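What follows is one structure encoded as structure tokens, with my remarks underneath.
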Amino acid sequence: MTRHFKAVVFCMGLAIPLLTWPSPAVAETRQITPAPRPAQILAAKRVFVGNAGGDEPFYDGPLFNGGPDRPYNQLYAAVKGAGRYELVGAPGDADLLVEIRFTTPTRLVPPAEKNEARDETIFGAAPYDPQLRLEIRDPKTNALLWAFTEHVQWAILQGNRDKNFDQAMARILTDVQGLSVSADKSSKP
């Protein structure tokens, strides 16, 4: 072993126990009282489900089946099937606006090669973090009352991407249901 390597191992041996030692601040954490849910969410009976869009970075070969309206269609069917809210056809008739959006933000891929002739680095874009975002808004003021974001786990195969999409949609629906359940519990004496 080189001298430098031995020094690194020695320092790591000292640092690891210090990192795992409980600090007084961690030991004294208090339970935080949950903040109240917005009154509109507690009282809502009628909901308008809106389609805030779906982004696909590749138009020739979509990453997910079902097209850009897939999140909207799945959310609409789930809300309708749950029976908790009456679905209305116009935002003005609703107590809550629920919007679903699907995005696939891209990131720059590190340069694969450098073009020596032109002295430039070549970058490309690749799918990075597909995600569903659900926003709950007040129809009178358009104020954001609550929001959830669920990330779709990336997969190479189409079938796995679609399965992961469905799992992320199920998590969004569970989030909304949890908000509704906790809203129901907090409204009871």
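Just so you know, all these numbers are worked out from the coordinates, no wet-lab data involved. Source: prediction; values computed, not measured. Here the Cβ positions follow ideal geometry from the backbone for every residue, glycine too, while neighbour counts run over all protein chains shown.
A few remarks follow.
- Burial order of peptide ranges 42-50, 73-81 (average beta-carbon count within 10 Å, highest first): 42-50, 73-81
- Taking the fewest neighbouring Cβ atoms within 10 Å as the starting point, the ordered list for ILE32, ILE100 is ILE32, ILE100.
- In order along segment 35-45, the Karplus-derived 3J(HN,Hα) couplings, from 6.51 cos²θ - 1.76 cosθ + 1.60 at θ = phi - 60°, round to 6, x, 6, x, 4, 4, 5, 5, 9, 4, 10 Hz, and Gly and Pro are given as x.
- For LEU145, distant residues with modelled amide H under 5 Å away: ILE136, ARG137, ASP138
- Extension gain from THR141 to ALA77, taking 0.36 nm per residue of separation minus the Cα-Cα distance: 20.4 nm
- Karplus-based coupling profile of segment 93-101, in residue order and whole Hz: 8, 9, 8, 9, 9, 10, 10, 10, 9, with θ = phi - 60° in 6.51 cos²θ - 1.76 cosθ + 1.60 and x standing for Gly or Pro.
- Residues whose placed amide H lies under 5 Å from that of GLY50, excluding near-sequence neighbours: VAL98, GLU99, ILE100
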